[in-house]
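The structure appears right after this line, and notes come after that.
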Amino acid sequence: MIKVVYFILFIAICQGINSLNKPIFESEIISFEIDSTKCTVRAEYYFRNADISEIINQVLFYPFPINEYTPFPESIDVISPENHQMDYSQVSNGIFFKVSIPSDSTVCYVVNYTQMLNINKFEYILTSTQKWGRPLSSATFNIYHDPNLELKSLSYKPDSTYIDSNKQVIRISKKQFLPIKNLIIEW
């Protein structure tokens, strides 16, 4: 019986140690610039390493919604916390890239891409956040468009709208955000 208790305790400790060596997807700030034929995205992702002694190196998958109306992005840039262009591997529905997070720190990785649109609709995948197993502490989405481009629907309620540099800006801000639906913008 004591051996069983020690074995269970050993497994629990190993799982605890293993969970410390995973990045925490802390927050995101995403900007979308929409025109009649494309959407340009600038996404800032903040990852935290709670481990006080180990660097975390992990490969992440970044999905894109690909269908007959929305082809694979025509340009993609992944930028490291040191502001260097990073390599990535492309698959049919997304990209893989490696993150490295020093111990006891938070870093920002940036993904920029432009996706051509054959329909007046853009979808940004948010539901993949659930795979991290915890809500984001904060998420901010800024949608920029020409004031003459009338938006017909938005899958999340805006918190504010304003004009900035001749662009209409719609802001959506969330706290403790674990999305159950994607961000869909139609015009």
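Since every read-out is calculated from the coordinates, none of them should be taken as a lab result. Bear in mind that the values here come from a model prediction, so they are computed numbers and not experimental data. Cβ placement follows ideal geometry from the backbone for every residue including glycine, while neighbour counts extend to all protein chains displayed.
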**Prompt:** What net charge is computed for the residues neighbouring Asn67, neighbours being all others with C-beta under 15 Å from the C-beta of Asn67, Lys and Arg scored +1, Asp and Glu -1?
**Reply:** -2
**Asked** When N counts the residues of the stretch 2-186, how does its alpha-carbon radius of gyration compare numerically with 2.2 N^0.38 Å, as a ratio?
**Response** 1.19
**Request:** Report the residues of the stretch 39-68 in range of a label on Ser137: point 7 Å along Cα→C-beta, backbone N strictly under 18 Å from it.
**Result:** 44-53, 56
**Prompt:** If R0 is 25 Å, what FRET efficiency do you get for Ile55 and Glu82 from their C-beta distance, rounded to 0.05?
**Reply:** 0.95
**Prompt:** HN-Hα J couplings of the stretch 83-99 from phi, Karplus 6.51/-1.76/1.60, θ = phi - 60°, integer Hz, Gly and Pro as x?
**Reply:** 6, 9, 5, 10, 7, 8, 10, 9, 10, 4, 10, x, 9, 10, 8, 9, 10
**Rounded tilt (10° steps) of 2-20 against the dominant C-alpha axis of the chain** = 30 degrees
**Fill in**
A correct Stokes-Einstein calculation for the stretch 92-166, using the alpha-carbon Kirkwood radius, 25 °C and 0.890 mPa s, returns a whole-number D in µm² s⁻¹ of 149 µm²/s
